[in-house]
Amino acid sequence: MVAIGTDKICAVVAAEHSSSMWNQLTQALRQTRTVELRLDWLRNEREIHVFLRRLAKKRPRATLIATCRRREAGGRFRGPISSQLLILAQALRAGCAWYDLEIESSSKWTAELLDVLLGGGRRIASAHFFRTSPANQRRVVADLWKTRPQAIKIAAKCGSLSAGVQLLGLARVKRNTIVVPMGDVVLPLRCLSLRAGSALTYAPLENATAPGQASFDTLKNLWKADQISRKTYVYGVIGNPIAHSLSPQLQNAGFQARKMDAVYFPFLVHDLRDFLGAVKALGIRGFSVTLPYKQEILRHLDSCDPLASAIGAVNTVVVTSAGNLYGFNTDYIGVLGSLQERVTLSQSRVLILGAGGAARAVAFALAQSGASVCICARRPKEAKKLARAVGGLEFPRSRLKSEFFDAIVNSTPIGMYPKTENSPLSARDLNCRLVFDLIYRPVTTKLLQLASRRGIETVSGLEMFLAQGMAQWEIWTGRRAPAAAMRKAVLDALRTETRTAQAKP
């Protein structure tokens, strides 16, 4: 059986105009030799023919897969099946070695007729389930192979990691099987599908063509998807939301700088038990914990560092070779590293906004350094509970205007990307010498802007983020973190984001 392509990350080229499509193809060929051409994205058949005529003249040396998916199968092509097949035939004559034909179209034609029309190319028989995974996945796979293709693809929306893991199991049934878990919850599985045996994984160069896709750049350069094997150590960060996190840039930069066979993914978690149930199947060796699971994770640990236990929140978990979960808290390190050089903590009065997992780490770090701790949160009961735990005071929001603090620390998510125009406090509430915002994206939050305008010293959450993340890396690896490389990766990502935002009209 002929392999589909030498490069296992297939770049998906999709655009409305033939010129844009060609530009994407040119860009893709600089990075991979396996490309899917989504001809159905071109705005009409005239644009399709213009593009294919240009392709026929240039004939790039690469494995090209022609796809012209009809609307009934989740594509954009509005024409009849006969027109679809004629376009695919033209694509084969133009230099495409493979074509993808969905089961909705192939089921209307006999294999013999398909051979007459498209016999010059190799066929990927595909089935797409955009709402949920099919009840009998193996039956779908068997039905696809019955049509005598050279490869098959099954793409299914997965609402949980357990459903995604089940889908990955299909990749081992037969060679040249492509499995595509769709959806934000299973985003890392698009990468791990190759390790499971999938013949390809797809990634868009510019325009996403299916739910829960990571960009080609992310799969190729950040996750190194084509280099992952069964020996690769897998790590990740869990939270909800998680798309804002730059932890993957931070941790993967560390692994790559030290030339370690390891990768770090973002996991959007709606159900903590679903994630924990997939830890063994995915070979996860450790993970970071962010909102809203820093406290809930404690109930699922086999053991916990005494300091993290006292804080009552965990942001770092090690998975032992026996599968046991051991928790740590490195936020504590990040807080001290960010504040102790700027404030004499033993003589300070500090207000903490929030009473969640991050707030607990801040409160314990400050209290043990001798600071007088005050807690202000929208849930007075939780604020009082935390204040009591550290020997501090609970402060209602109404008293802030008449009080003065050496420092105010925001541990809430208010003002975090993408809702960057929000602030947990107004300018008149900032009666202090220093404002520290744990949020690092954006680096300068609305809260810090308000403080700066009043001449108040500000500290970005970026310093804490870097310190706690490097401590996590060292706990997992037992090696010294490459601080310069990890810091540069995060700063580069933030600069790129800023340039992109400024370029938008």
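Quick note: the coordinates plus some simple rules give every number you see, no bench work behind them. Please read all numbers here as calculations on a predicted model, not as lab measurements. Here the Cβ is made from the backbone with ideal geometry for all residues, glycine too, and neighbour counts use every protein chain on show.
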Open item on the list: Can you give the FRET efficiency to the nearest 0.05 for Lys231 and Ser402, using r as the Cβ-Cβ distance and R₀ = 60 Å?
Closed with: 0.50
Open item on the list: Under 15 Å between alpha carbons, and skipping anything fewer than 8 positions from Lys401 in its own chain: which aspartates and glutamates qualify?
Closed with: Asp429
Task: Semi-axes of the equivalent ellipsoid for the stretch 78-179, Cα gyration tensor, largest first, Å - done: 26, 14, 12
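Semi-axes of the chain's equivalent ellipsoid from the Cα gyration tensor, sqrt of 5 times each eigenvalue, largest first, rounded to whole Å?
Computed over the chain, the values are 50, 24, 19 Å.
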TODO: Using 0.36 nm per residue of separation minus the Cα-Cα distance, give me the extension gain between Lys381 and Ser303 in nm, one decimal.
DONE: 25.3 nm
Open item on the list: Pairs of alpha-carbon atoms within less than 8 angstrom and 6+ residues apart define the contacts here; what relative contact order does the stretch 340-420 have, in percent?
Closed with: 36
- [ ] Calculate the radius of gyration of the Cα atoms of the stretch 341-459 to one decimal place, then report Dmax, the largest Cα-Cα distance, as a whole number, both in Å.
- [x] 13.1, 36
Task: Separation of alpha-carbon centers, the stretch 109-181 and the stretch 21-37, rounded to whole Å - done: 24
TODO: Specify the inter-centroid distance of the stretch 461-486 and the stretch 318-361, based on alpha-carbon positions, in whole Å.
DONE: 14
TODO: Specify whether the C-alpha gyration tensor of the stretch 1-137 places it in the rounded, prolate or oblate class, a ≥ b ≥ c being the square roots of the eigenvalues: rounded for a/c under 1.5, otherwise prolate if a/b is larger than b/c and oblate if not.
DONE: rounded
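Mind giving me the FRET efficiency for Ala3 and Asn136? R0 is 30 Å, r the Cβ-Cβ distance, nearest 0.05 is fine.
0.60
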- [ ] On a C-alpha basis, how far is the centre of the stretch 237-296 from the centre of the stretch 367-414 in Å? Whole number, if you could?
- [x] 30
TODO: Just grab the label-to-label distance for Arg46 and Gln31, each label 7 Å out from Cα along the Cβ direction, in nm (one decimal).
DONE: 3.2
TODO: Starting from the exponent 0.38 and prefactor 2.2 Å, build the expected Rg for the stretch 142-266 from its residue count and divide its actual Cα Rg by it.
DONE: 1.07
Task: Cα→Cβ-extended label distance, 7 Å offset, between Glu16 and Ser346, nm - done: 6.6
Task: Cα-based reach from Lys108 at 19 Å (exclusive), listing lysines while leaving out same-chain residues under 8 positions away - done: Lys146, Lys153
- [ ] Could you check what % of the DSSP bridge pairs in the chain are antiparallel, to the nearest 5?
- [x] 10
TODO: Rank by packing, highest mean first: peptides 476-482, 246-252, with packing defined as the count of other Cβ atoms within 10 Å averaged across residues.
DONE: 246-252, 476-482
TODO: State the extension gain, in nm to one decimal, for the chain segment bounded by Arg54 and Leu491, taking 0.36 nm per residue of separation less the distance between their alpha-carbons.
DONE: 153.3 nm
TODO: Determine, for each peptide in 291-297, 422-428, the mean count of other beta carbons within 10 angstrom over its residues, then list the peptides with the highest first.
DONE: 291-297, 422-428
- [ ] Take peptides 83-95, 347-359 and line them up by average Cβ neighbours within 10 Å, highest first, as a rough protection proxy.
- [x] 347-359, 83-95
Open item on the list: Using a 7 Å offset from the Cα along the Cα-to-Cβ direction at both Arg61 and Glu206, what is the distance between the two label points in nm, to one decimal?
Closed with: 2.7
Task: Two-site FRET efficiency, Arg480 against Lys174, from Cβ-Cβ distance with R₀ of 35 Å, rounded to 0.05 - done: 0.20
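Expressed in nm to one decimal, what extension gain is obtained for the pair Leu113 and Arg78 from 0.36 nm per residue of sequence separation less their Cα-Cα distance?
So the chain would gain 10.4 nm between Leu113 and Arg78.
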TODO: Please give every one of the lysines within straight-line cross-link reach of Lys231, meaning a C-alpha to C-alpha distance under 21 Å, and leave out same-chain neighbours fewer than 8 residues apart.
DONE: Lys8, Lys220, Lys259, Lys280
